[in-house]
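> Just dropping this structure here.
Since every read-out is calculated from the coordinates, none of them should be taken as a lab result. If you're wondering where the values come from, they're calculated on a predicted model, not measured in any experiment. Here the Cβ positions follow ideal geometry from the backbone for every residue, glycine too, while neighbour counts run over all protein chains shown.
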Amino acid sequence: MTAPLYNTTILRLAATIPFHERLPDPMASVEKRSPVCGSRVAVDVIVDEAGRIARLGMQIRACALGQASASLMGAHAVGRSHDELTAVRDALTAWLAGERDTPPDWPGLDIFAPALPHSARHPSIRLAFEAVADAVAEAIARHEDAA
């Protein structure tokens, strides 16, 4: 018997997205959209001098899986470096594609195991992680250009 694609944990996470408001003056903003399902995320960041997320803001317009993924990303992103965010983004992509056996080293991502056979759902699950990694890279580049 397979686990349900949508379960209580995913629905709870989808309803409790942290940092669910855009930042008024971000160092960088990135918007991503899944052409497969139409899910959209916008991520705003402010990074500190070490290039770690100091503040995060998000606007999520996605299915419950995309919302739950954004919730997990947001709950653990503050204080993370670009290298950490890129590594989890890449590991998530590889896991969803069946290129690795275990979920990434990020709290809670194992809840998406039931979605592994549903490739049409993968882009929505990846969106927030892709957007935050890109936003931090952009913020770091802008900070370096201003220095």
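> Ranked by Cβ crowding within 10 angstrom, fewest neighbours first, how are VAL136, VAL78, VAL43 ordered? Please list the in-between numbers first.
Numbers: VAL136 29, VAL78 14, VAL43 33.
In increasing order of surrounding Cβ atoms, one gets VAL78, VAL136, VAL43.
> Would you list MET73, MET27, MET58 from fewest to most Cβ contacts within 10 Å?
Values: MET73 32, MET27 20, MET58 25.
Listing MET73, MET27, MET58 from fewest to most nearby Cβ atoms yields MET27, MET58, MET73.
> So what's the angle, to the nearest 10 degrees on a 0 to 90 scale, between helix 82-96 and the longest Cα principal axis of the chain?
Tilt of helix 82-96: around 20 degrees.
> Also, I was wondering about something else. To one decimal place, what Kirkwood hydrodynamic radius in Å is obtained for the chain from all pairs of distinct Cα atoms? The partial results should precede the final answer.
Values: mean 1/r = 0.0658 Å⁻¹.
The answer is 15.2 Å.
> Output wanted: per-residue J couplings in Hz (rounded whole) for segment 110-117, from phi through Karplus 6.51 cos²θ - 1.76 cosθ + 1.60, θ = phi - 60°, x for Gly and Pro.
5, 5, 8, 3, x, 8, 3, x
> Here's a follow-up. Where does helix 122-146 land angle-wise versus the long Cα axis of the chain, in degrees 0 to 90, nearest 10?
The angle comes out near 10 degrees.
> Under unit Cβ charges (Lys, Arg +1; Asp, Glu -1), what dipole magnitude, rounded to 20 debye, does the chain have relative to its Cα centre?
Values: 14 positive and 18 negative charges, 139 e Å.
Computed about the Cα centre, the dipole is about 660 debye.
> Rank these for me by crowding, LEU109, LEU23, going from fewest to most other beta carbons within 10 Å.
Values: LEU109 23, LEU23 17.
The fewest-first ordering by Cβ neighbours comes to LEU23, LEU109.
> Quick one: helix 64-77 against the long Cα principal axis of the chain, what's the angle to the nearest 10°, folded into 0 to 90?
Result, in degrees: 40.
> Read phi for every residue in segment 36-45 and hand back ³J(HN,Hα) as whole Hz from Karplus 6.51 cos²θ - 1.76 cosθ + 1.60, θ = phi - 60°, with x for Gly and Pro.
Residue by residue, segment 36-45 yields 6, 10, x, 4, 9, 9, 10, 10, 10, 9 Hz.
> Taking the alpha carbon gyration tensor of segment 1-83, what are the square roots of 5 times its eigenvalues, largest first, to the nearest whole Å? Please list the in-between numbers first.
Working: eigenvalues 128, 41, 24 Å².
Rounded to whole Å, the semi-axes are 25, 14, 11.
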